[in-house]
Amino acid sequence: MKNIIAPSILSADFGNLQRDIEMINQSEADWFHVDVMDGVFVPNISFGFPVMAAVKKHAFKPLDVHLMIVEPDKYIEDFAKAGASRITVHYEACTHLHRTIQLIKASGCKAGVALNPHTPVNLLQDVIEDLDLVLIMSVNPGFGGQAFIHNTYKKIRDLKALVQGVNENLIIEVDGGVGLQNITALVSAGANAFVAGNAIFATDNPTETIAKMKSLTASTISI
């Protein structure tokens, strides 16, 4: 399975959004990561369908949509219609998680579940066969630029053990504090998809940074 780089457009320059989208299109990145925050589930607000539509209009790569919102079931079909390829909901926000996963798949999207730093991976045991992706939050969700939580490595290894012989094609994605300094260690732990915001967009040459990340993941072996 190839390793995936997913730049988070939350860290893009919204005054030059089309420019940054085109940069990602032309780079070695694999997905666009789209963070949707409602100011309720997390203490911040990002954007909704109008911005999604603007991104989709110019993006040539899949949209990896991360819903950090309460009652996500109300909006899944709308995000699918707006162009999402993958929709990830939070375990902590879903009362009936299996139903939500089925709703995502019925909308034509791949289904993912995100776990906050305090949530153990074994809580996914009863739905792990149904998932296409699990997103391990390596910071507390809601704000960019936070320090990486070291326990993430253990959670990735625990998740790898959970899917062994059950769903070995599962994508293990990491979001928060990911950069050149730790991406090889994350691959070694078993992750294969990497969300990066400031680590890409705050550099002098984001295209080159993406290429370096891609190269580092390609040269590292998961254990």
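Descriptive notes on the structure:
- Options Thr207, Thr152, Thr184, Thr119: the member that is more than 16 Å from Leu67 (Cα to Cα), surrounded by 19 or more Cβ atoms within 10 Å (Cβ to Cβ) and among the polar types (S, T, N, Q): Thr152
- Subset of the range 18-49 [in a loop (DSSP other than H, G, I, E, B) and free of Cβ contacts under 8 Å to residues at least 12 places away in the same chain]: Gly39, Phe47
- Any hit, the range 196-211, residues being of a type outside the set (D, E, K, R), under 20 Å from Thr119 (Cβ atoms) and in contact with a helix residue (DSSP H, G or I) (Cβ under 6 Å, 6 or more places away or on another chain): no
- Residue satisfying condition, being of a type in the set (Asp, Glu) and loosely packed, with under 15 Cβ neighbours inside 10 Å, within set Asp78, Asp64: Asp78
- Summed over the range 168-179, residues that are surrounded by 15 or more Cβ atoms within 10 Å (Cβ to Cβ) and either touching a Lys or Arg at 6+ places or on another chain (Cβ under 8 Å) or more than 16 Å from His150 (Cβ to Cβ) (or both) total 4.
- Only one entry of Leu170, Leu162, Leu180, Leu186 meets the criterion of being modelled with pLDDT of 95 or more and over 18 Å from the mean Cα position of the chain (by Cα), and that entry is Leu162.
- Of the helices (runs of 4 or more DSSP H) entirely within the range 168-223, those holding at least 1 residues that are in contact with a Gly (Cβ under 6 Å, 6 or more places away or on another chain) occupy 198-201.
- Listed conditions (1) touching a residue at least 40 places away in the same chain (Cβ under 8 Å); (2) buried (at least 19 other Cβ atoms within 10 Å of the Cβ) are all met by His58, apart from (2).
- Residue match in the range 139-156 (condition: on the phi > 0 side of the Ramachandran plot, at pLDDT 95 or above and in a loop (DSSP other than H, G, I, E, B)): no
- Among residues of the range 61-76 that are in contact (Cβ under 8 Å) with a residue 12 or more places away in the chain, those with a Cβ under 8 angstrom from a residue that is surrounded by 20 or more Cβ atoms within 10 Å (Cβ to Cβ) and basic (Lys, Arg), sequence gap 6+ or separate chain, pair up as Pro62/Arg86; Leu63/Arg86; Asp64/Arg86; Val65/Arg86.
The values are calculated or read from the model by the stated rules, or taken from the named source; none is laboratory data. These numbers were taken from a predicted model, which means no experiment stands behind them. Glycine also receives a Cβ, built like all others from the backbone with ideal geometry; neighbour counts cover every protein chain displayed.
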